[in-house]
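Heads up, the thing below is written out as structure tokens.
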Amino acid sequence: MKKGFGATDRVDQWWKGPTAMAAYLGFMILYATWRGFMEADFWIFEDFGRSAGQSTMAIESNGSHVLSPLFSPLILPGSGTFGGPIPEFLWWMSPAMFILIFPAGFRATCYYYRKAYYRSFMQQPTGCAVSKPWNEYSGETGLLLVQNLHRYFMYVMLAYLPILSFDVWMSVNFHEGGIHAYGVTVGSLILLVNVIMLTGYTFGCHAFRHIVGGDSNDWTSTAINRLKYRLWKLSTKFNEQHKEWALYSLFWVMFADFYVYACTDSFFGWSDIVIWGGF
Ligand code: FES
């Protein structure tokens with residue numbers, strides 16, 4: 001094989017995929033980091049209003065509660081709401097900082113994302129039959145043993161799905177001066193699609209597929225085994241498109257956050273349109 005970074009006999013445009021991936025992931029990481037720090041002064045949330053008695057960074061103009069998935073579950077230090085036990089002196093931390101480690105860790109240790117960023121960012125490898133800048137390869141040893149935490153991040157993400165579903169429920173509950181009504185806004189639908197995308201991504205996780213169907217040679221003799229088989233088949237369906245679920249769900253969660261941001265920041269002047277019901 002030819003020697004030297006990027007040297008290859010390949011004649012196709014092999015570099016396009018890793019370059020596009022580096023741009024995509026790089027942008028998403030920058031955006032999430034910027035947003036994670038952006039609301040470091042959590043009193044800003046008070047300015048955004050209250051929904052059902054709780055301070056939120058919600059879209060409040062219509063009385064609905066649309067919480068950005070990057071900030072859910074909402075943890076406010078010393079507030080006595082969701083994050084009651086978080087001490088007051090951590091007031092300078094954005095709610096996103098308490099929780100982003102879990103979705104970020106889940107994605108960072110995901111089998112698909114590993115392939116993507118090992119190629120795009122680490123040149124390990126640069127591409128099939130393409131020379132890379134370094135020869136050493138020790139696999140996922142040393143520091144990279146941390147990748148084995150993936151299954152534990154997956155357990156946490158399974159708990160996230162009901163939390164994010166609860167946010168969808170909150171978004172269709174309107175409160176105004178003690179009056180309650182149901183309604184659906186564009187924001188509700190965006191949050192709903194976000195839950196669907198994350199469910200497809202999580203159910204297709206290799207670790208999830210192993211949990212429900214692995215370590216078994218018998219899928220028929222008992223009701224539990226037959227259930228495991230059905231779950232394994234379902235997970236396999238999602239797993240076959242795991243790359244797509246991974247990339248599209250990442251886009252959607254950022255888009256959902258941006259939507260909430262654009263609806264709460266006067267610079268954009270967006271407002272959450274009520275499609276049905278409400279006040
Ligand atoms: S392998 Fe991708 S989420 Fe688990």
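General remarks:
- Conditions (1) among the hydroxyl-bearing types (Ser, Thr, Tyr); (2) in contact with a His (Cβ under 8 Å, 6 or more places away or on another chain); (3) away from the ligand (no atom under 13 Å from the Cβ): number failed by Thr222: (2)
- Check on Phe106, of a type in the set (A, V, I, L, M, F, W, C), under 19 Å from the mean Cα position of the chain (by Cα) and more than 16 Å from the ligand (Cβ to nearest atom): no
- Exclusive hit being polar (S, T, N, Q), more than 16 Å from the ligand (Cβ to nearest atom), out of contact with any strand residue (DSSP E or B) (no Cβ under 8 Å at 6 or more places or on another chain) and closer than 30 Å to Val274 by Cα, set Ser165, Ser171: Ser165
- Odd one out for Thr220, checked against (1) surrounded by 18 or more Cβ atoms within 10 Å (Cβ to Cβ); (2) more than 19 Å from Leu164 (Cβ to Cβ): (1)
- Of the residues making up segment 111-138, those that are closer than 30 Å to Thr202 by Cβ and of a type in the set (Phe, Trp, Tyr) are Tyr111, Tyr112, Tyr113, Tyr117, Tyr118, Phe121.
- Going through (1) within 26 Å of Leu74 (Cα to Cα); (2) at pLDDT 85 or above one by one, Trp15 falls short only on (1).
- Test: residue in segment 258-266 that is within 16 Å of the ligand (Cβ to nearest atom) and either under 21 Å from the mean Cα position of the chain (by Cα) or surrounded by 15 or more Cβ atoms within 10 Å (Cβ to Cβ) (or both): no
- Listed by first and then second residue, the pairs linking a residue in segment 213-236 that is without any contact (Cβ under 8 Å) to a residue 24 or more places away in the chain and hydroxyl-bearing (Ser, Thr, Tyr) to a residue that is part of a loop (DSSP other than H, G, I, E, B) and surrounded by 14 or more Cβ atoms within 10 Å (Cβ to Cβ), with Cβ atoms under 8 Å apart and 6 or more places separating them unless they lie on different chains, are Tyr229/Trp219.
- If you go through segment 134-164 and pick out every residue that is of a type in the set (Ser, Thr, Tyr) and crowded, with 16+ Cβ neighbours inside 10 Å, you end up with 1.
- If the condition is being at pLDDT below 65 and either charged (D, E, K, R) or farther than 15 Å from Met170 by Cα (or both), then segment 56-80 contributes Ser79, Gly80.
- Residues located in segment 236-277, provided they are in contact with a strand residue (DSSP E or B) (Cβ under 7 Å, 6 or more places away or on another chain) and farther than 13 Å from Leu67 by Cα: Ile273, Val274, Ile275, Trp276, Gly277
- Checked against the criterion of being loosely packed, with under 14 Cβ neighbours inside 10 Å and hydrophobic (A, V, I, L, M, F, W, C), the candidates Ile179, Ile211 yield just one match: Ile179.
- Within segment 174-203, restricting attention to residues that are over 18 Å from Gln241 (Cβ atoms) and among the hydroxyl-bearing types (Ser, Thr, Tyr), the residue that is nearest to the ligand (Cβ to nearest atom) is Ser188.
- Long-range neighbours under 8 Å by Cβ, at least six apart or interchain, first residue farther than 20 Å from Asp9 by Cα and among the charged types (D, E, K, R) within segment 110-131, second within 16 Å of the ligand (Cβ to nearest atom) and modelled with pLDDT of 95 or more: Arg114/Gln147
The values are calculated or read from the model by the stated rules, or taken from the named source; none is laboratory data. Remember, it's a predicted structure, so these values are computed and weren't measured experimentally. Note that each Cβ is placed from the backbone with ideal geometry, even for glycine, and that neighbours are counted across all protein chains shown.
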